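A.B. asks: Sending over a structure as structure tokens; questions will come in a sec.
What follows draws every value from the coordinates through simple rules; no lab data is involved. Predicted, not measured: the structure shown is a model, and the values here were computed from it. Glycine gets a Cβ as well: all are built from the backbone with ideal geometry, and neighbour counts include every protein chain shown.
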Amino acid sequence: MLNSQMANAYKNQQIMTASPAQLTLLLYNGALKFLNESIIALEQGDIQKSNSANLRVQNIIREFVVTLDMSYEVSKTWAQLYEYIEYSLIQGNIKKDIGQLQNAKGILQEMRDTWEEAMKQTQITRVAGK
């Protein structure tokens with residue numbers, strides 16, 4: 001019990017001190033974690049657990065969509081990708097189709113990696129004073 005409380009305290013501290021960019025990365029990581037849980041549960045035949053984890057991913061994806069700043073052209077592309085991910089999640093959930101979930105996972109992983117690389121490049125630029 002104490003380890004669980006310590007882990008929760010650490011997670012809360014991490015969230016409370018994170019920058020908006022870091023929070024976005026945490027959300028990507030959470031979405032991928034829940035998507036992996038959904039896939040594994042589906043493979044094991046635990047439909048309820050798979051559904052629950054899938055819904056958590058869908059909620060994160062919807063949050064990404066509503067927080068996009070659509071004044072940037074790239075946001076329109078990302079919105080389309082998020083919509084496709086959500087579609088794949090829903091289809092995977094309805095049809096119990098691991099392929100659809102794997103498809104969503106691949107795209108989400110690429111987006112997460114792109115976000116992380118952008119964060120690194122931004123940090124390099126700041127350090128260089130540009």
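A.B. asks: Which residue, 122, 17, 101, has the largest displacement toward the positive end of the dipole of the chain when charges sit on each Cβ (Lys, Arg +1; Asp, Glu -1)?
C.D. replies: Projecting each Cα onto the dipole axis, the largest value belongs to 17.
A.B. asks: Step through the residues of region 83-89 one at a time and calculate ³J(HN,Hα) from phi using the Karplus curve (6.51 cos²θ - 1.76 cosθ + 1.60, θ = phi - 60°), rounding each to whole Hz and writing x for Gly and Pro.
C.D. replies: Listing the rounded values in order: 4, 5, 4, 4, 4, 5, 5 Hz.
A.B. asks: GNM on the chain, C-alpha springs below 10 Å: top fluctuator among 60, 40, 85?
C.D. replies: Per the Cα network of the chain with a 10 Å cutoff, 40 tops the list.
A.B. asks: Follow-up. Normalised by the number of residues in region 19-128, what is the relative contact order in percent for Cα pairs under 8 Å and 6+ residues apart?
C.D. replies: Dividing the mean separation by the residue count of region 19-128 yields 27 percent.
A.B. asks: Let me ask you something else. Report the convex hull volume per residue for region 19-128, counting only C-alpha atoms, in Å³.
C.D. replies: 90
A.B. asks: Further question: Please check: in the Gaussian network model of the chain (C-alpha springs, under 10 Å), which one of 88, 38, 19 has the largest mean-square fluctuation.
C.D. replies: Checking each option, the largest mean-square fluctuation is seen for 19.
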